[in-house]
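The values are calculated or read from the model by the stated rules, or taken from the named source; none is laboratory data. Fair warning: this is a prediction, and the values are worked out from it, not measured in the lab. Note: ideal-geometry Cβ built from the backbone for every residue, glycine included; neighbour counts use all protein chains shown. These accessible areas exclude ligands, DNA and RNA; they are computed on the full protein's heavy atoms, side chains included. Shrake-Rupley method; radii C 1.70, N 1.55, O 1.52, S 1.80 Å.
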Amino acid sequence: MIRGKRILLIISGGIAAYKALDLIRRLRERGVLVRCIMTRSATEFVTPLAVGALAGERAYVDLFSLSDESEIGHIRLAREADLVVVAPATANLLARMATGLADDLASTVLLATDRPILVAPAMNVQMWLHPATRANVATLAARGVSMVGPNEGPMAEAETGPGRMAEPLEIVAAIEAKLGCGPLEGRTALVTSGPTHEPIDPVRYIANRSSGKQGHAIAAALARLGARTVLVTGPTAEPVPPGVTAVPVETARDMLAACQAALPVDIVVCAAAVADWRVGDRAEQKLKKGGEGPPQLTLVENPDILATLSAPSPHRPALVVGFAAETEKVLEHAAAKRARKGCDWILANDVSPGTGTFGGDTNTVHLVTAEGSETWPTMSKRDVGDRLARRIADHFGSAQ
Ligand code: CTP
């Protein structure tokens, strides 16, 4: 529940500051306690009076205002919130945050706080794309600062591209996710993602074309809805989604061990493209071309992680979801796979060459449950993740 949480909202000076007024209203409607700090330039766009009236408490502007210091003090301001939100965050304020400057109340509080920070950048497209801003954003992300937006679209200067501040409701959703306040709050989830690499010798391995995009998107979506999410992932280039705990693994057997170590959980989604086979007699030294012809590789079957986690046990997760990667008779094979592996739901997708599913950004899936199947329209992998997470939340909501 977001009700009763305390947000310290820092408003910096850009035209998007007017949207901060709506953000305050949306947060107050949800029972959030909002305390506001404005930079000097923010006061050129909206007045401290308007901000204070909506927040129900005066807005703080000056570092050296005696009354501020005697009433509350900047260290208390920095520490008393559950979350610090910077919206809008200008290029200037992001740069000051990245370099650790403390030359006004906003930047001093940002340096002094030990609370999590969420920023909603808003600036001109070229400023957002400038290498200096890119570097500042990367520095802040590496320090655990979360970001919502910026969005693409028309901007005040009649340019288009990334730079528009996220809409107030998007910022509210990001705040809920950062505070773990979604419909899956209190639930735990385990997601497998990516390929596995099965060594042949110290330098070669068997792998597959899985990018990890779908599994990572599902983990991100579950975390956004508040589930405490562990992502056991084979080698991929995908970044770890915010709020998700990643456990990197290489082989199918490592993946199974990492999953078992994450139990008990409420929800499991097995999206990894686990290699079915590994080389049984893996060479200790690099295989050499020699006079004896090509090496003979003996393949041994890998453990089935989905089937293992679905097996009846006192700690079986309440909901186990698998994927079925098929190239023909997709629904028929998926229904058979659901029964064979003992999972509750299967998301079936066609991975034939030409569909672009492997490595691509979109996916066309069918959800197969005990009740039957439904076909979802082709959508981005992010949207598949969101729809599945919503569906899982509804499942737990109706099961209560
Ligand atoms: N899976 C798993 N462990 C394995 C193999 C597959 O956990 N050793 C999971 C996948 O993560 C996916 C589901 O099982 O959720 C189905 O994967 P898929 O590759 O479609 O099926 P396979 O079990 O490999 O069956 P087949 O190759 O015969 O279609």
Of 30-39, 298-307, ordering from highest average Cβ density within 10 Å down gives 30-39, 298-307
Lys and Arg at +1, Asp and Glu at -1: neighbours of Gly180 with Cβ under 13 Å from its Cβ sum to +2
Here the relative contact order (percent) of the stretch 1-160, from C-alpha pairs under 8 Å and at least 6 apart, is 23
Of all DSSP beta bridges with both partners in the chain, the antiparallel percent, nearest 5, is 30
The extension gain from Lys289 to Glu170, computed as 0.36 nm times the residue separation minus the Cα-Cα distance, is 37.0 nm
Ordering 275-288, 76-89, 113-126, 182-195 by per-residue average of other C-beta atoms within 10 angstrom, highest first, gives 182-195, 76-89, 113-126, 275-288
Rounded to the nearest 10 Å², the 1.4 Å probe accessible area of Glu170 is 80
Net charge near Glu332 (other residues with Cβ under 13 Å of its Cβ; Lys, Arg +1; Asp, Glu -1) is +1
Sorted by chain and then number, the residues having a modelled amide H within less than 5 Å of the amide H of Leu190, at least 5 places away or on another chain, are Val230, Ile267, Val268, Val269
For the stretch 255-304 the mean separation of alpha carbon contacts under 8 Å (6+ apart) over residue count, i.e. relative contact order in percent, is 45
Quick note, the stretch 188-399: a/c under 1.5 would make it rounded; otherwise a/b > b/c is prolate and the rest oblate (a ≥ b ≥ c, C-alpha gyration tensor); here it is prolate
Pseudo-spin-label distance Ser380 to Ala336, built 7 Å along Cα→Cβ, given in nm, is 3.6
Total charge of the residues flanking Ala81 in space, meaning their Cβ is under 11 Å from its Cβ, with Lys and Arg +1 and Asp and Glu -1, is +3
In terms of the charge dipole of the stretch 6-178, which places +1 on Lys and Arg and -1 on Asp and Glu at the beta carbon, the residue among Ile175, Ala135, Gly100 farthest towards the positive end is Ile175
If the chain between His130 and Asp281 were fully extended at 0.36 nm per residue, the gain over the current Cα-Cα distance would be 49.2 nm
The distance between the Cα centres of the stretch 264-328 and the stretch 210-254, in whole Å, is 17
Dividing the mean separation of Cα pairs under 8 Å (6+ apart) by the residue count of the chain yields a relative contact order in percent of 11
When every protein chain stays in place and a 1.4 Å probe is rolled, Leu367, Leu129 sorted by accessible area with the largest first are Leu129, Leu367
Classified through the alpha carbon gyration tensor (a ≥ b ≥ c as square roots of its eigenvalues; rounded if a/c is under 1.5, else prolate when a/b is larger than b/c, else oblate), the stretch 114-181 comes out oblate
Under the helix-only model (-39500 (n - 2.57) for each DSSP H run of 4 or more, divided by the residues of the chain), the mean residue ellipticity at 222 nm, to 500 deg cm²/dmol, is -10000 deg cm²/dmol
Set Lys329/Lys381; Lys19/Lys178; Lys178/Lys341, cut-off 26 Å on Cα-Cα distance; pairs above it are Lys178/Lys341
The FRET efficiency for Ala318 and Tyr18, from their Cβ-Cβ distance with R0 = 60 Å and rounded to 0.05, is 0.85
Per its Cα gyration tensor (rounded if a/c is under 1.5, else prolate when a/b beats b/c, else oblate), the stretch 144-243 is best filed as oblate
Inter-part gap, Cα centre of the stretch 110-167 to Cα centre of the stretch 333-400, in whole angstrom, is 33
Ordering Phe396, Phe323 by the accessible surface of their heavy atoms, 1.4 Å probe, largest first, yields Phe323, Phe396
